[in-house]
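Chemist: Once you've had a glance at the structure underneath, I'll fire off some questions.
The values are calculated or read from the model by the stated rules, or taken from the named source; none is laboratory data. This is a predicted model, so every value here is computed, not measured. Note: ideal-geometry Cβ built from the backbone for every residue, glycine included; neighbour counts use all protein chains shown. Surface areas here come from the heavy atoms of the whole protein model, side chains and all, with no ligands, DNA or RNA. Shrake-Rupley method; radii C 1.70, N 1.55, O 1.52, S 1.80 Å.
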Amino acid sequence: MKIVIVGAGRIAWHLGKRLKSKGLPVAQVISRTTSHAKSLAEVLHAEWSDAPSEIIPDAEWVILAVKDDAIEEVATAFSPFVQDALVTHTSGGTAGAVLGRHFNRFGVFYPLQSFSLEHTPVWSKIPFCVDAAHQEDVLQLKRIAKTIGNLVYQVTDEQRALLHVAAVFANNFANRCFAIAEKILDEKDLPFELLHPLMEETLAKALQDSPERMQTGPAMRGDTDTLKRHLALLDHHPEWQEIYKILSKDINPEMGITNLS
Ligand SMILES: NC(=O)c1ccc[n+]([C@@H]2O[C@H](COP(=O)([O-])OP(=O)(O)OC[C@H]3O[C@@H](n4cnc5c(N)ncnc54)[C@H](OP(=O)(O)O)[C@@H]3O)[C@@H](O)[C@H]2O)c1
């Protein structure tokens with residue numbers, strides 16, 4: 001299968017290397033920044049270019065691994081040069097239908113994990129959410145996802161849009177809360193490691209049972225005095241006070257938290 005990756009960021013690097021290691025080598029890397037396209041292509045032993053017009057004519061699968069806001073623009077740039085290939089993007093938050101305006105065979109190949117260049121992904125634990133306009137392409141994408149990973153789901157545009165919102169809560173917001181906790185400790189010269197066992201326990205319990213049932217803390221118990229003390233301690237960080245109040249109210253709507261100061 002002749003695979004072309006468009007983009008040379010985190011997903012392109014990880015996906016390109018994984019495809020190659022599983023016997024699905026990338027034939028060409030195209031990215032707008034020449035040096036980025038070249039660096040990744042060297043690692044993948046692939047051709048490279050910075051121009052959509054130079055896409056190999058026999059491309060069979062084109063993976064648009066560019067930032068969400070650029071997908072439409074990149075699709076527009078490639079559409080005159082792609083006839084028969086299946087074109088997918090890798091975005092959780094972008095409808096596959098966006099590609100339908102430009103290509104006959106289109107779909108989504110979304111690996112639901114947070115990728116960074118420094119960490120090697122554990123592919124067997126990454127859910128691949130795939131979808132395509134044509135059933136034979138869905139099957140093809142499922143086969144590829146099974147080859148490079150283990151967990152494969154067919155997820156519609158509508159489902160994936162909400163899945164992405166849920167992922168922002170589970171990953172981005174949870175991580176932001178960890179970061180705020182780290183800063184709070186740092187202000188009193190306490191090491192973040194103090195919270196590691198608690199963080200591990202929180203995740204272990206949330207994975208074992210419903211997080212809704214696992215909820216503990218002053219808001220859950222209705223400990224108003226403790227809550228007031230916490231808010232007072234956050235006086236110099238009004239934005240964290242707001243987050244504290246919103247989350248506490250969501251945990252225990254009965255408490256009348258908006259009246260606390
Ligand atoms: N990283 C993750 O954790 C993750 C997880 C799942 C899905 N995704 C999805 O994968 C896609 C790529 O994400 P990423 O993390 O790999 O991003 P990234 O590391 O920031 O790389 C973004 C890529 O987009 C290209 N790009 C940006 N603006 C462009 C434009 N206007 N025209 C053409 N190319 C442009 C850049 O090209 P140059 O390098 O050539 O400048 C770069 O290669 C996104 O749709 C994202 O939602 C990411």
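Chemist: With respect to Lys2, determine if the residue is more than 12 Å from the ligand (Cβ to nearest atom), open to solvent by 20 Å² or more (accessible area, probe 1.4 Å) and charged (D, E, K, R).
Modeler: Taking the combined requirement at face value, the residue satisfies it.
Chemist: Which condition number in (1) open to solvent by less than 20 Å² (accessible area, probe 1.4 Å); (2) within 14 Å of the ligand (Cβ to nearest atom) is the one that Trp48 fails?
Modeler: (1)
Chemist: Looking at (1) modelled with pLDDT of 95 or more; (2) outside the structural domain of Pro25 (by TED's automatic domain parsing); (3) not aliphatic (A, V, I, L, M), which is the one condition that is false for Thr147?
Modeler: Answer for Thr147: the failing condition is (2).
Chemist: Is there a residue in the range 162-170 that is in contact with a strand residue (DSSP E or B) (Cβ under 6 Å, 6 or more places away or on another chain) and free of Cβ contacts under 8 Å to residues at least 60 places away in the same chain?
Modeler: No, because not a single residue in the range 162-170 is in contact with a strand residue (DSSP E or B) (Cβ under 6 Å, 6 or more places away or on another chain) and free of Cβ contacts under 8 Å to residues at least 60 places away in the same chain.
Chemist: Keeping to the range 51-71, report how many residues are within 10 Å of the ligand (Cβ to nearest atom) and under 21 Å from the mean Cα position of the chain (by Cα).
Modeler: Of the residues in the range 51-71, 9 are within 10 Å of the ligand (Cβ to nearest atom) and under 21 Å from the mean Cα position of the chain (by Cα).
Chemist: Evaluate the range 73-86: report whether one residue or more is in contact (Cβ under 8 Å) with a residue 60 or more places away in the chain and either surrounded by fewer than 21 Cβ atoms within 10 Å (Cβ to Cβ) or within 16 Å of the ligand (Cβ to nearest atom) (or both).
Modeler: yes
Chemist: If Arg101 satisfies every condition in (1) within 13 Å of the ligand (Cβ to nearest atom); (2) farther than 30 Å from Glu212 by Cβ; (3) touching a residue at least 24 places away in the same chain (Cβ under 8 Å); (4) out of contact with any strand residue (DSSP E or B) (no Cβ under 8 Å at 6 or more places or on another chain) but one, which is the exception?
Modeler: (1)
Chemist: Looking at the range 127-143 only, could you name the residues that are surrounded by 19 or more Cβ atoms within 10 Å (Cβ to Cβ) and within 16 Å of the ligand (Cβ to nearest atom)?
Modeler: Phe128, Cys129, Val130, Asp131, Leu141 - these are the residues of the range 127-143 that are surrounded by 19 or more Cβ atoms within 10 Å (Cβ to Cβ) and within 16 Å of the ligand (Cβ to nearest atom).
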